[in-house]
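Trainee: Sharing a structure here in structure tokens format.
Each reported figure results from applying straightforward, stated rules to the coordinates on display, with no laboratory input. This structure is a prediction, so every number in the text was calculated from the model and none was measured. Cβ sites come from the backbone with ideal geometry, for glycine too, and all protein chains shown count toward neighbours.
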Ligand SMILES: Cc1ncc(COP(=O)(O)O)c(C=O)c1O
């Protein structure tokens, strides 16, 4: 009987039934409402028990009702409605169930894009080049006119690292140089010269992902790394600023200089020990590592060093990209004299990938490749996200609500100097430190009871990662609840 349905009947049935009804957005509530004595509530605990029978679920905070979540508000399975300033680790750009995004899959063509996921490297769909061109035109960092799409942040970095090595060796070998027999054989045994002893320089406190190459450049927490063999690659100190910045200018400048000197020393040292540095990998704001900032001058000097040694600069915008700092790419705040060679992205952009110059395009096929190489369905979402960011002027919105939140946090520092300090950040990408890690954890738990869902980072920081649709009224709710928690502490 199913087969006998004509196409028109099928369309009518689906439109008139749950298909359309399901794709709705509830209005945002005025404020959070918490109905269970503790979070996770009983239903979450029950589900956690069940999940734990199949996998380690200890990190699950609570279970979410994504159908009922709306805008800046997340609804858990126990009916608690929380103002979400963590947004799935900074990866939801427009809040939950944004009507424009629901609408993307409210047509047959796009649903077909969703279910027929192609092996993009071999068989892309007919509109793939136009889609990428639209993306490139609208958000590509200036001067980076090539795009490689991937799946997640780790996968973006992992592959971009390979592009760096390819470009580095090509320079040494010469444009016309071919792979030697020895190179082709030795690489099959993971040995030089085919698998050369090259390295990438990264920074203490950085997080670039968890796949083996990306993990070799990740240095935020030992638990991410322990027991895994890794690479002897150089790791430099990242500036450790004191706040407020205006009162600590001299010391912070010295921090910049100390770290930059170390970068150069490490490049020299690794060259001497025959493990030359092919590139530097850096987050514009170290995020998982504790929202560690460095000045525009630091980044300008870092770029100068990469030029001096003729190596690549990769800026990892996985967490910072997409508008949350008030500019689409955070590195735009740094006024670099020229663009970095590679910018990686994921999270708010819905799929992973990177922008780069033509120089970083491999000349041979299958060197940067995998089955999916991204996801056309996610590109459909990304296109619409970019439209909404532009139409609703969300970068300006981020600046306005970020200002309210930051001003309020600075005020709380004055009111509770024994509890909080070091307010910092750009746009709504803000963080504050607590006197101890335990206090930070307690405040996050207490905030949840007051209906605000925030996240931690580093040792004792609380990070704010709201959606781009976060408004001044939301910032005021956060500040009001945080003040209550600090008062009670
Ligand atoms: C700066 C940065 N790079 C890379 C990653 C890894 O991304 P993913 O978790 O999608 O692999 C993250 C994840 O938080 C990140 O913050």
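Trainee: When the Cα atoms of segment 253-305 are enclosed in a convex hull and the volume is divided per residue, what value in Å³ results? All intermediate terms of the calculation are to be shown ahead of the outcome.
Mentor: On the way: hull volume 4.6 nm³, N = 53.
Cα-based convex hull of segment 253-305, divided per residue, equals 86 Å³.
Trainee: Continuing with the same structure: Count the DSSP beta bridges whose two residues both fall in the chain, then state the antiparallel fraction as a percent rounded to the nearest 5.
Mentor: On the way: 30 of 44 bridges.
In the chain, approximately 70 percent of DSSP beta bridges are antiparallel ones.
Trainee: How many nm is it between the label spots at residue 304 and residue 68, if each spot is 7 Å from the Cα in line with the beta carbon?
Mentor: Going by the 7 Å Cα→Cβ label model, 5.7 nm.
Trainee: In bins 5 Å wide, starting from 0, what share of all Cα pairs of segment 93-176 does each bin hold, as a percent?
Mentor: 3, 10, 12, 18, 23, 16, 9, 3, 3, 2, 1
Trainee: Over all directions, what mean area does the Cα convex hull of segment 343-485 project, stated in square nanometres? Can you show the working numbers first?
Mentor: Details: hull surface 45.8 nm².
Computed as one quarter of the Cα hull surface, the answer is 11.4 nm².
Trainee: Here is a follow-up. In whole angstrom, note down how far apart the Cα centers of segment 33-57 and segment 67-122 are.
Mentor: About 22 Å separates the Cα centre of segment 33-57 from the one of segment 67-122.
Trainee: Per the helix-only calculation at 222 nm, which mean residue ellipticity applies to the chain, given -39500 (n - 2.57) for every DSSP H run of n ≥ 4 and division by its residues, nearest 500 deg cm²/dmol?
Mentor: On the way: 16 runs with 194 residues, N = 489.
Only helices count here, giving -12500 deg cm²/dmol.
Trainee: Further question on the same structure: Where the convex hull is taken over the Cα atoms of segment 412-468, what is its projected area averaged over directions, in nm²? Walk me through the intermediate numbers first.
Mentor: Working: hull surface 16.1 nm².
Projected area, direction-averaged: 4.0 nm².
Trainee: Right, another one. Averaged across orientations, what area in nm² does the convex hull of the alpha carbons in segment 83-141 project?
Mentor: Values: hull surface 24.0 nm².
Averaged projected hull area, Cα only: 6.0 nm².
Trainee: How big is segment 198-240 by Rg and Dmax over its Cα atoms, in Å?
Mentor: 9.7, 28
Trainee: Quick one: pull the percentage of alpha-carbon pairs in segment 54-96 with a separation above 17 Å. Working shown, then result.
Mentor: Working: 298 of 903 pairs.
The calculated P(r) of segment 54-96 puts 33 percent of pairs beyond 17 Å.
Trainee: May I have the extent of the alpha carbons of segment 187-287 along their three principal axes, as whole Å values ordered from largest to smallest?
Mentor: Here the spans come out as 56, 31, 19 Å, largest first.
Trainee: Want the number for residue 297 to residue 107: 0.36 nm per residue separation, take away the alpha-carbon distance, what's left?
Mentor: Using 0.36 nm per residue and subtracting the Cα-Cα distance, I get 63.6 nm.
Trainee: Related question: Using 10 Å bins from zero, what percent of all Cα-Cα pairs in segment 129-233 falls into each bin?
Mentor: For segment 129-233, the pair-distance distribution reads 12, 33, 33, 20, 2.
Trainee: Right, something else. Give me the three principal axis extents of segment 438-489 from the C-alpha atoms, as integers in angstrom, largest value leading.
Mentor: 31, 24, 13
Trainee: While we're on this one: When the Cα centres of segment 386-451 and segment 319-366 are compared, how far apart do they sit, in Å?
Mentor: 25
Trainee: Starting from the Kirkwood radius over alpha-carbon pairs of the chain, derive D by Stokes-Einstein at 25 °C in a medium of 0.890 mPa s and give it in µm² s⁻¹. Write down the numbers at each step before the final one.
Mentor: Values: Rh = 24.3 Å.
It comes out at roughly 101 µm²/s.
Trainee: Ratio of Rg to Rh for segment 179-225, alpha carbon only, Kirkwood? Numbers along the way, then the final one.
Mentor: Working: Rg = 14.3 Å, Rh = 12.2 Å.
The Rg/Rh ratio comes out at 1.17.
Trainee: Here is a further query. Rounded to the nearest 0.05, what FRET efficiency is calculated for residue 392 and residue 181 with R0 set to 56 Å and r the Cβ-Cβ distance?
Mentor: 0.45
Trainee: Here is a further query. For residue 338 and residue 53, what is the calculated FRET efficiency with R₀ set at 45 Å and r taken between the beta-carbons, to the nearest 0.05?
Mentor: Values: r = 54 Å, r/R0 = 1.21.
With a Förster radius of 45 Å, E is 0.25.
Trainee: Another question, if that's okay. I need the P(r) histogram for segment 281-391: all alpha carbon pairs, bin width 10 Å from 0 out to the longest distance, whole percents.
Mentor: 13, 40, 34, 14, 0
Trainee: Further, regarding this structure: Based on the mean of other Cβ atoms within 10 Å per residue, sort peptides 120-132, 286-298, 249-261 so the most packed one is first. Present the calculation step by step, with values, prior to reporting the outcome.
Mentor: On the way: 120-132: 13.5, 286-298: 21.2, 249-261: 15.0.
Ranking, from highest mean packing down: 286-298, 249-261, 120-132.
Trainee: In Å³ and rounded to a whole number, note down the convex hull volume per residue for the Cα atoms of segment 204-351. Numbers along the way, then the final one.
Mentor: On the way: hull volume 17.5 nm³, N = 148.
Cα-based convex hull of segment 204-351, divided per residue, equals 118 Å³.
Trainee: Based on the mean of other beta carbon atoms within 10 Å per residue, what is the order of 446-452, 416-422, 169-175, most packed first?
Mentor: Listed from highest to lowest mean packing, they are 446-452, 416-422, 169-175.
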